Amino acid sequence: QVQLVESGGGLVQAGDSLRLSCAASGRTFSYTMGWFRQAPGKEREFVGAIRRYNGITSYADSVKGRFTISRDSAKNTVYLQMNKLKPEDTAVYYCAGRYGGLANVDVDYNDWGWGTQVTVSS
């Protein structure tokens, strides 16, 4: 099992940027790491994902053009760069992992971090 630890959340104003990190420990070859978020009273939703070995990414329509996922394979870390943040981006952001290809459904991911809070004020 891979352990995932998120960091980088906080309180920002609308229009600001924030970068989240997810550090993985364990065997991550052929691993896909994804980001999900859950706002109060809402279901957890897919944000984006990246394949560790080739860097191919996938994004939810709601964040395309504003959020970027990247990886540092040497550090076994994935980043979620969030630009032009909106109040509706407020949520707990979770890092998730799975062996295999990109996926945008949370049940397809086996490993989860504890989450980090992102709050965007208007």
**Request:** Please find, among Val47, Val63, the residue that is without any contact (Cβ under 8 Å) to a residue 60 or more places away in the chain, assigned to a loop (DSSP other than H, G, I, E, B) and hydrophobic (A, V, I, L, M, F, W, C).
**Result:** Val63
**Message:** Among the residues of the range 66-87, what is the count of those that are in contact (Cβ under 8 Å) with a residue 40 or more places away in the chain and more than 12 Å from Met33 (Cα to Cα)?
**Reply:** 8
**Pairs with Cβ under 8 Å, 6+ apart, first in the range 101-114 and touching a residue at least 12 places away in the same chain (Cβ under 8 Å) and closer than 14 Å to Ser30 by Cα, second open to solvent by 70 Å² or more (accessible area, probe 1.4 Å) and of a type in the set (Phe, Trp, Tyr)** = Asn110/Tyr99
**Fill in**
Within the range 8-35, residues being in a strand (DSSP E or B) and of a type in the set (S, T, N, Q) number 4
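Which members of the range 56-108 meet the condition of being polar (S, T, N, Q) and either modelled with pLDDT of 95 or more or within 12 Å of the chain's Cα centre (by Cα) (or both)?
Thr57, Ser58, Ser62, Thr68, Ser70, Thr77, Gln81, Asn83, Thr90, Asn104
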**Prompt:** Does Ala91 satisfy the condition of being aliphatic (A, V, I, L, M) and out of contact with any helix residue (DSSP H, G or I) (no Cβ under 9 Å at 6 or more places or on another chain)?
**Reply:** yes
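The values are calculated or read from the model by the stated rules, or taken from the named source; none is laboratory data. These numbers come from a predicted model, not from an experiment. Neighbour counts are summed over all protein chains in view; Cβ atoms, including those assigned to glycine, are modelled from backbone coordinates with ideal geometry. Surface areas here come from the heavy atoms of the whole protein model, side chains and all, with no ligands, DNA or RNA. Shrake-Rupley method; radii C 1.70, N 1.55, O 1.52, S 1.80 Å.
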